[in-house]
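*Asks:* Got a structure here, written out as structure tokens. Questions coming.
The values are calculated or read from the model by the stated rules, or taken from the named source; none is laboratory data. Everything quoted here is computed from the prediction, not taken from an experiment. For neighbour counting, all protein chains shown are included, and Cβ atoms are generated from backbone atoms with ideal geometry for every residue, glycine included.
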Amino acid sequence: MISLYLLRNVNEETENLFDEANGHLALGQLVEAEALYRRCVTLEPDFFDGWHALGMTLMKLDRMQEAIGCGLQATTLKPNDLLAWTALSQMYVRVGNIPDAESAKANARILSLGGRIVKE
């Protein structure tokens with residue numbers, strides 16, 4: 001089976017780190033997962049899945065400002081990704097930034113209805 005990450009031109013080292021980070025995340029080893037996700041995005045700054053996973057991990061660690069930064073990077077890289085906007089909305093809610101949470105939620109809603117944030 002061909003890895004989806006290789007199809008996206010992610011190098012093998014990044015793919016292996018990402019898989020290892022996912023394993024740590026599944027076991028609840030958030031600090032270890034965070035370190036590996038950070039290595040992924042350092043190696044490949046345009047790796048959407050790495051930014052998204054890092055943001056979600058940081059949210060679980062209650063490091064919300066860092067999580068929001070990762071969420072913003074993810075939505076910049078893939079502005080038409082429903083999960084990225086949903087996650088960003090949740091991050092904003094956690095810090096009490098309701099206007100930005102509602103804006104991100106609106107983008108997620110547009111995408112859930114088949115619309116686009118950015119024409120591709």
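*Asks:* Among the residues of the stretch 103-119, count how many are more than 15 Å from LEU72 (Cα to Cα), touching a residue at least 12 places away in the same chain (Cβ under 8 Å) and part of a helix (DSSP H, G or I).
*Replies:* Result for the stretch 103-119: 2.
*Asks:* Show the residue pairs that are 6+ apart or on different chains and have beta-carbon atoms under 8 Å apart, the first residue being within the stretch 53-65 and over 19 Å from ASP100 (Cα atoms), the second being buried (at least 19 other Cβ atoms within 10 Å of the Cβ) and acidic (Asp, Glu).
*Replies:* LEU54/GLU34; THR57/GLU34; LEU61/GLU34
*Asks:* Based on what the data block shows, is ALA108 touching a Ser or Thr at 6+ places or on another chain (Cβ under 9 Å) and under 27 Å from ALA21 (Cβ atoms)?
*Replies:* The answer is yes for ALA108.
*Asks:* Hey, another quick one. Identify the residue in the stretch 74-120 that is over 22 Å from CYS40 (Cβ atoms) and acidic (Asp, Glu) and, among all such residues, is modelled with the lowest pLDDT.
*Replies:* Going through the qualifying residues, I end up with GLU120.
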